[in-house]
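The values are calculated or read from the model by the stated rules, or taken from the named source; none is laboratory data. Just so it is clear, the structure is predicted and the values come from calculations on it, not from any experiment. Glycine gets a Cβ as well: all are built from the backbone with ideal geometry, and neighbour counts include every protein chain shown. These accessible areas exclude ligands, DNA and RNA; they are computed on the full protein's heavy atoms, side chains included. Shrake-Rupley method; radii C 1.70, N 1.55, O 1.52, S 1.80 Å.
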Amino acid sequence: KTNSPTIAPLKAKRPHRPRDGRSSPVIRRIRIIRRDIFDTRIPGENKLIFRAVNALHISTKERAVRGQLLFKEGDRYNADIAKESERAVRNILQLRNVKVTPVPIAPGTVDVLVVVHETWTTEPVFGLSGVGPTLNLKAGLRENNLFGMGKKASYFYRKNGAVVSRTLSYDDPR
């Protein structure tokens with residue numbers, strides 16, 4: 001008789017099962033739909049200024065959205081992972097709204113529809129202060145979704161009295 005430790009056999013990981021006990025459907029295809037900042041089909045948003053903003057705004061790239069999803073084609077659909085993907089895409093890519101919806105295609109198969117609603121991501125920054133003859137100035141731009149790829153960049157010019165500084169920054173949050 002030996003006193004060697006007992007090792008429990010490893011269990012295979014089961015696919016996620018919905019609460020009703022059936023197996024989750026497999027994701028056949030992921031479709032990304034990007035919505036402009038303003039919906040010009042709505043009469044109140046079909047104005048020259050809103051159309052100009054839509055035209056100037058660089059839409060988030062489909063590959064940037066796909067890169068933030070926590071699932072891929074061939075995975076089993078999981079509603080919790082879909083909700084977490086909505087949060088991740090919205091926060092990292094600075095989008096107004098993100099909705100992930102499964103669309104049944106055949107028994108055991110779904111297509112996943114990801115609808116993203118753009119928002120303006122360029123922020124001008126301007127500040128002016130001073131006491132007496134000393135003037136402090138800060139001016140610049142901050143972009144939170146550079147070229148629609150979810151990258152951040154900014155440029156600032158600062159003048160504090162006689163000292164002038166210029167700052168250029170870039171951040172990839174992924």
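Here Val110, Val65 are screened, and the one residue that is surrounded by 14 or more Cβ atoms within 10 Å (Cβ to Cβ) and over 15 Å from the mean Cα position of the chain (by Cα) is Val110. Considered as a group, the residues in segment 88-107 that are of a type in the set (Lys, Arg) and modelled with pLDDT under 95 include one that is surrounded by the most Cβ atoms within 10 Å (Cβ to Cβ), and that residue is Arg90. Please work out if Gly161 is open to solvent by less than 30 Å² (accessible area, probe 1.4 Å), of a type outside the set (Val, Ile, Thr) and more than 20 Å from Ile58 (Cα to Cα). Yes. When segment 125-140 is limited to residues that are touching a strand residue (DSSP E or B) at 6+ places or on another chain (Cβ under 6 Å) and touching a residue at least 12 places away in the same chain (Cβ under 8 Å), the one that is most open to solvent (accessible area, probe 1.4 Å) turns out to be Phe126.
Look through segment 28-57, keep the residues that are among the acidic types (Asp, Glu) and under 20 Å from the mean Cα position of the chain (by Cα), and return whichever of them is surrounded by the most Cβ atoms within 10 Å (Cβ to Cβ). If we take residues in segment 28-57 being among the acidic types (Asp, Glu) and under 20 Å from the mean Cα position of the chain (by Cα), then Asp36 is surrounded by the most Cβ atoms within 10 Å (Cβ to Cβ).
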